[in-house]
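Q: Here it is: the structure, laid out below.
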Amino acid sequence: NLQGHYSGAFTASSASRGPMTLVAESRYRDAVTVTGTPDWYGRAAVALVFPGNLAPTVTLAATPDANRKSTASFLMSIDATVGDADGRGDVKTISLVLTDGRGRVLGRWSKADFTAQDDRTWHFNKVPRVNGQSPWTLTITAEDSAGQVVTTSRAVK
């Protein structure tokens, strides 16, 4: 504006990681302009640091059939998500494992069993029949392209 004030905005690309430099430059181009001073023009640089590859996040919910009459065999609703702020493609592996109280594997699912929910999230929803001895443990593990691993478990009684 006529007082020499500038404003603006920028959006960094999703690939912006680590140290970067933002450079703002204003050049004097109109010799006819009578307003303004030479200090309006020039170049300024500021150092910015963007986070590195962000670790994925996981959520996990397991809900047994409320009407189950015994622990011998029942249905369990499993809902899991793996999100990554760097994008869904940054998630390299997903492992979802259901075990019983004796450590026997009752179900095993991988990234191929998840579906794309949006550009940053993988989603899993299934209602398998569960048997074996309680407590049952559901564990989800996700790893991204930088080798960052996140895991969480839920016990179901």
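The values are calculated or read from the model by the stated rules, or taken from the named source; none is laboratory data. In this text the structure is predicted, and so the values were computed from the model without any measurement. Using ideal geometry, Cβ is built from the backbone for each residue, glycine included, and neighbour counts are taken over all protein chains shown. For the accessible areas, the whole protein counts, side chains as well, though only heavy atoms, and no ligand, DNA or RNA atoms are used. Shrake-Rupley method; radii C 1.70, N 1.55, O 1.52, S 1.80 Å.
Q: Does the range 89-141 classify as rounded, prolate or oblate by the C-alpha gyration tensor (a ≥ b ≥ c root eigenvalues; a/c under 1.5 gives rounded; else a/b over b/c gives prolate, otherwise oblate)?
A: Judged from the Cα gyration tensor, the range 89-141 comes out prolate (a/c at least 1.5, a/b above b/c).
Q: I'd like to check one number: the per residue accessible area of the range 55-157, probe 1.4 Å, reported in Å² as a whole number.
A: Ligands and nucleic acids excluded, the figure is 53 Å² per residue.
Q: So how far apart, in nm, are the two label points at A12 and A24 if each is 7 Å from Cα heading toward Cβ?
A: Taking the two extended label points, one gets 1.7 nm.
Q: Further question: Considering only protein heavy atoms, with the full assembly of protein chains and a 1.4 angstrom probe, order F124, F50 by accessible area, largest first.
A: From most accessible down to least: F50, F124.
Q: Could I ask something else about it? Using each residue's phi in the range 77-90, evaluate 6.51 cos²θ - 1.76 cosθ + 1.60 at θ = phi - 60° and report the 3J(HN,Hα) Karplus result to the nearest Hz, with x for Gly and Pro.
A: Whole-Hz 3J(HN,Hα) from phi for the range 77-90: 7, 10, 10, 9, 9, 10, x, 8, 5, 7, x, 4, x, 6.
Q: How many nm separate the modelled label positions at D79 and S110, each set 7 Å beyond the Cα in the direction of the Cβ?
A: Using points 7 Å along Cα→Cβ, the separation is 2.7 nm.
Q: Would you calculate the separation in nanometres between label points at T57 and V97, each defined as 7 Å from the Cα along the Cα-to-beta-carbon direction?
A: 2.6 nm
Q: How much solvent-accessible surface does R154 expose, in Å² to the nearest 10, with a 1.4 Å probe and all protein chains in place?
A: Answer for R154: close to 100 Å² accessible.
Q: Compute, for V46, the solvent-accessible surface of its heavy atoms (probe 1.4 Å) with the complete set of protein chains present, and express it in square angstrom to the nearest 10.
A: We get 70 Å² for V46.
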